[in-house]
Structures are given as structure tokens and as C-alpha cells.
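In what follows, a single structure is set out as C-alpha cells and then discussed.
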Amino acid sequence: MQRIKSLSEYFNQYEKSQSDPEGFWAEIAKSFSWIEPWKKVLESDFEKADVKWFIDGKLNITENIFERNLIENKDKTAIIWEPNNPDEDTKKMSYQELYEETCKFSNALKDIGIKKGDRIIIYMPMVPEATIAMLACARVGAVHSVVFAGFSSTSLADRIDDCESKMVITSDGNFRGNKVIPVKSVVDEALEKSNSIEKVIVLKRTNQEVNFVSGRDFWWHELVKDKSSECKAEVMDSEDMLFVLYTSGSTGKPKGVVHTTGGYMVYSAYTFLNVFQYDKDDIYWCTADVGWITGHSYIVYGPLLCGATSLMFEGVPTYPNVSRFWDIVDKHKVNQFYTAPTAIRALQAHGLEPLENNSLDSLKVIGSVGEPINEEAWHWYHDNIGKGNCPLVDTWWQTETGGIMISALAGITPNKPAHASLPLPGIIPVIVDAEGNELSGNNVQGNLFIKSPWPSILRTTYGDHERCINTYFSSYKGMYFTGDGVKRDHDGYLRILGRVDDVMNVSGHRMGTAEVENAINEHSEVIESAVVGYPHDIKGEGIYAFVIINPGSENDNIKNQITDVVRNVIGPIAKPDKIQIVSGLPKTRSGKIMRRILRKVASNDLSNMGDTSTLLNPDIVEEIIQGAIN
Ligand code: PRX
């Protein structure tokens, strides 16, 4: 696969991707190894959310990571693993070692009864075995669904049930900063609530005592002990499912976004190579967790498909101190560093002192993902981490898009602070106003849609295709709706403005307001609640909950109890930052909560509340404002 090397080449490629999309993607896809070639490049019908790429092509994505790369890359480091505790040894795995470990674990999966198409939940810490587990699933044709290990047992059980998973792969415990998290017991709790799991594989990481159910639970190290280090890859159709990844929407429970094999492979590798301008001997580090799409596409699949060295970090940016990220960059001479604005803002708050002993001069490219990066954070990152001479790629994309959609190509596209900038080849962004008109030209703002399919567009939402059609393909005929607002400036550069639906973005994590409300409502004294996001200096958005409780049940502890319920139902990432007990919620005469008013209160923007006289209960607004001020 050729890397784009200049701005004029980018424009040429972009032009080609529009005039001949099938020819454009076919040429890129040809650089992968296919067991059988595709018969047709693309079939697409957005109205039915029916998209197929590289039709009837047969392949296995792990053969494209291993067999395709091993001749040249056998001894090259595939994964550098940096443990939570800096006193523990770093681990490096070559492509050959990763291949052998993946094959052993693949054989273990087969021996224990896993077959092509089975769904497997991975609930693990950031250790190389998480990558091995994902790749082994792909090797044997099983569908992985990685669940971020900070989610609660209820969230885990919901995901297990939704995809009717047969197996969970987990660990005895996880190290995270100075905490040791008993993840196996979270899995045990989840399994009390769900029925489909037959087997659990447990990796020893913390060596803590765990409950072990005979016949159901197996130690990883015992299963792989005598396994062969070769395992023939299952032949997969291009459109066979590779993984399901759950993500929050504006309604209901999180949905399982489905990605398939061929298109995802082509797009994740192509975008990795081009956005980060990865060079053969570079050390690349993405700080995300494999539980999110960023970890899937830009820790595991994209980099490994390109034969890159991908650094994986188990810990948190503040442990043992706030220099940790920068110490790791220097220790491993990281060339490309990819993180979220939340982490940047959190570290920025500690000033420049934590950087005093770091040179950071190995860095060539720095990247941002997951939420809008404000100008202040952009400049701090660019000036102090990139030392003013590293291109900063602000990459806009989503779980559903599978790969980066709008971004500068490092060192090629001119940087503009806080702008994701230009679409990648093959991507046609369209801006639509509130009345449904397409806005062409520059200096326009509206909702962001994408016209025409790209190879890694989601194929469905697991078990509920209607939901996929309704969520993404029904707002504007023939286009994919992103849920984001966007502005195209006078130069044609795109700036993402954030979500326009009831989805919050808290520390770069998507969280549906309805999801948090449902969790709050599980508290026995809660009558009703409404949740909105509000601007938060570090997290980007904070969670503000307005809660009505049973009369007389108010006590000193009620807010803590509500917080605990949310933690137990979803996980710590969904904890409200602020809870306000109210006696009512502003509602329209038809009973709809007026979130616009609540958002203004939560943001402390009390000027111009708009006309509230038509509300069912106009007096409540003043009461809520007074409650917020006090
Ligand atoms: O609102 C956008 C925001 O994150 C949402 C997607 O979240 P998720 O599916 O969890 O994937 C996050 C990692 C790709 C988007 O709808 N978002 C993501 N990247 C950016 C962003 N907002 C602004 N700028 C970005 N670079």
C-alpha cells in the first residue's frame, strides 16, 4: 500500500476516490492477501442500510497481519507493552512471537468448543493477551466483543445477553494506577444475571484469589500449555462479522455496532498509514483502551496490518505521577503519539513542571481523538508536547465509522487549531441545516452527514437492523447521519462542534442521557430524572442530573446513594458530576422534558431562557434556577 506523500497527491487521490470510488478502493485492497478475490467491489443501498464491500472475497485478517508480514517482519517488534507499575519489566513481542501466541490461543479456543461465528466477550486489562485474544478470535472466525473493563457487571451482562455470547475472556484482576480491580468477581456477578455463557477463560495478572467454577472457568496459561504454535486460519467471507462493539446512543441501551472483515481491514490499515504517516521503523503509541473503537482500529488492527510497532500501556496518565506519559515517550522513543483531549487538559492543569525532565524529541506526530479539542488545549499540546514542530492530527470519527474520516494527514495537510480539517479520500461530508437543506460552499454550519459508503461503515446494529436504519439512515434520504454538528470555515476546513443529539461526550466517552437516567431511576426513592451534559474544564462535558425523589426521602446521603446506583448499573465513567434534587421538571404540555432549559441551567447560562410560559409547569423553572444557584 502506497502512502500519500504530498498535498497535491492527497487532492489527486481525493478526486480519484470520488470519480471512481470502486476503482480507488479496489487498488488499495489489492495490496492485501485474499484467499479468493472479490467478484464485485461494492453494493450499497443506504435506505436499507445494506452495504457490502469486496463481495465474495475470502480472507482472514490475521493472515494479513502475520503471514503477509512475517517474511520481512518476523523479528520486528509488534507490541511494546508498558506495565501499570514502572518498576515492572516492559515486555516486547516480535511479530513471530505474537503469531505463535495467537496460534496457541486460537487452538485453545477451538479445543474448548469455539466455532466460526460464535460471539466472545473480552473483558480484560491492557495487556498483550487482550490483543492476542482479539486476534485469536479473528483467526478462528469467532466474533469478538470487547467490553471496557471499567463497565459494571450489569453493563457486562447486558452485552453478553444482547450478542448471546458463549464465552468471556477475562483476568483475575486489573492493575489501574494504585488500585487493583477485582474483575473476575465482576464477571461472576454478570454471569448470575445472564444465561448464554458456557466457558470463562481467566488470565493470571494480579495473582489475587478468585472464585473458580469447575467446568466453566479455565486458566489461560493451562489452556495454552501444550498447544501448537501453528493454527490454520479460518476462511472468512469479506462480509463475515469481525467484531461487535457496544456504544451509547440517544435512546435505549447501548447498541452493538457490527463491523465486517474485508472493508474494515482495508480502511483501518489505509487510514493508519496515511494519517500518522507511519514509517517503517517508527514506534507508535495510542493511549486508548482496547475496549473502545480507537483501541480496535489504532492499537490493534491498523498498526499490526501495517507491520508497525504498537505500544500498549496498561496504566493511567497520573500514576505514579503526572509525568508518566512523557516518561514512556522518552523511554521507548515514541514517534507517533495519539491521545484524547481530556488527557491533555488534565495534564495541562499540572503546568510544565512535570515535563522538565523529559526531552520528547523522538516525537514526529501527535494526534487527538474522541472529542473536540479546544484551542487552548490544542496550543498547549502542540507547543509543549510537539515542541511546535510536530504536526497535530485532530482525527474525527466514530465507533460506527470504523476508522478516521476527517483529519489532516500528518505533515501534509496544513494544521489549523481545533479543526479536524479535511476529509480522507473516499469520504464525502455533507452539511445539512435544520430545515434539511444541503449547505454547499464555505462558511456554513449544520449537521454532519456522509454521502456514499466507505469500506468500514457499520453494517448493522447487532440483532436489530431496523434500529440501524432508524438511527443512521433515516434523517436524510440516502445519507449516513453522524449525530454531530460541524462548521466549514472560509478555507473549507471542517471543525466538529459536538453532538447534536442526546448523547454526551464525557472524557471522550460516549454516554446517552437516557442511559444515565435509567440508571438513576433504579434508586427506589427516585420518581423521575433528567440528565444533560454541561461544559467541563477537564472532561469536555460533565454529567448534570436533575432528580425528583419521593417526598420525605431526602437525606444527607441521597446524592451519594444515587451516584452509587449509577456506578453499579453502568460503571464509574457514568457517575453524575452534579445532582440537583428538584420537585418537578420543565415539561411541554405534551409531557416532553424541555432539555434546552435544563442545559442552560446546568451550563449556568441563565440569560435568555426563552419563552417558558407555554410550559405545563412554568414556575418550576425559577425553582430549578434557584436550586442550582444555591
Ligand atoms: O462527537 C464525536 C466525537 O466522538 C463521537 C464518537 O464517539 P465514539 O464512537 O466513542 O468514538 C470515539 C473515537 C473515535 C463523535 O460522534 N469525536 C470523535 N473524534 C472527534 C470528536 N469530536 C470532535 N473532534 C474529534 N476529533
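The values are calculated or read from the model by the stated rules, or taken from the named source; none is laboratory data. Note that the coordinates shown come from a computational prediction; the quantities given were computed from them, not determined experimentally. In this analysis, Cβ positions are derived from the backbone assuming ideal geometry, glycine residues included, and neighbour counts consider all displayed protein chains. Please note that ligands, DNA and RNA were not included when accessible areas were found on the heavy atoms of the full protein model with its side chains. Shrake-Rupley method; radii C 1.70, N 1.55, O 1.52, S 1.80 Å.
Which count do you get for residues in the stretch 4-48 that are of a type in the set (Gly, Ala, Ser), under 25 Å from residue 137 (Cβ atoms) and in contact (Cβ under 8 Å) with a residue 40 or more places away in the chain?
Within the stretch 4-48, the subset of a type in the set (Gly, Ala, Ser) is 6, 8, 17, 19, 23, 26, 29, 31, 33, 44.
Next cut, under 25 Å from residue 137 (Cβ atoms) only: 29, 31, 33.
Next, only the ones that are in contact (Cβ under 8 Å) with a residue 40 or more places away in the chain stay: 29.
Count: 1.
Just one of (1) touching a residue at least 24 places away in the same chain (Cβ under 8 Å); (2) among the hydrophobic types (A, V, I, L, M, F, W, C); (3) more than 16 Å from the ligand (Cβ to nearest atom) fails for residue 434. It is (1). Being modelled with pLDDT of 95 or more, in the same structural domain as residue 401 (by TED's automatic domain parsing) and under 20 Å from residue 297 (Cβ atoms): is that true of residue 29 here? When the stated conditions are applied, residue 29 passes them.
On the stretch given as the stretch 460-486, residues that are under 24 Å from residue 261 (Cα atoms) and open to solvent by less than 20 Å² (accessible area, probe 1.4 Å) total 7.
Would you check if there is a residue in the stretch 498-505 being over 17 Å from the mean Cα position of the chain (by Cα) and either more than 30 Å from residue 440 (Cα to Cα) or not in a loop (DSSP other than H, G, I, E, B) (or both)?
No, the stretch 498-505 contains no residue that is over 17 Å from the mean Cα position of the chain (by Cα) and either more than 30 Å from residue 440 (Cα to Cα) or not in a loop (DSSP other than H, G, I, E, B) (or both).
Taking the stretch 362-397 as the range and being near the ligand (Cβ under 9 Å from one of its atoms), open to solvent by 10 Å² or more (accessible area, probe 1.4 Å) and not aliphatic (A, V, I, L, M) as the test, the residues that pass are 370, 371, 372, 394, 396, 397. For the stretch 143-196, the set of residues classified as charged (D, E, K, R) and open to solvent by 10 Å² or more (accessible area, probe 1.4 Å) consists of 158, 159, 161, 162, 164, 166, 176, 179, 188, 189, 192, 193, listed by residue number.
Any residue at all in the stretch 528-548 that is farther than 27 Å from residue 497 by Cβ and surrounded by fewer than 15 Cβ atoms within 10 Å (Cβ to Cβ)? No, the conditions are met nowhere in the stretch 528-548.
One residue alone among 358, 321 is out of contact with any strand residue (DSSP E or B) (no Cβ under 9 Å at 6 or more places or on another chain), more than 16 Å from the ligand (Cβ to nearest atom) and open to solvent by less than 30 Å² (accessible area, probe 1.4 Å), and that residue is 358.
If you go through the stretch 490-499 and keep only what is more than 9 Å from the ligand (Cβ to nearest atom) and open to solvent by 10 Å² or more (accessible area, probe 1.4 Å), you end up with 490, 491, 492, 493.
Within the stretch 406-420, restricting attention to residues that are near the ligand (Cβ under 9 Å from one of its atoms) and aliphatic (A, V, I, L, M), the residue that is modelled with the lowest pLDDT is 418. Applying the criterion of at least 1 residues that are touching a His at 6+ places or on another chain (Cβ under 6 Å) to the strands (runs of 3 or more DSSP E) found wholly in the stretch 92-172 leaves 119-123.
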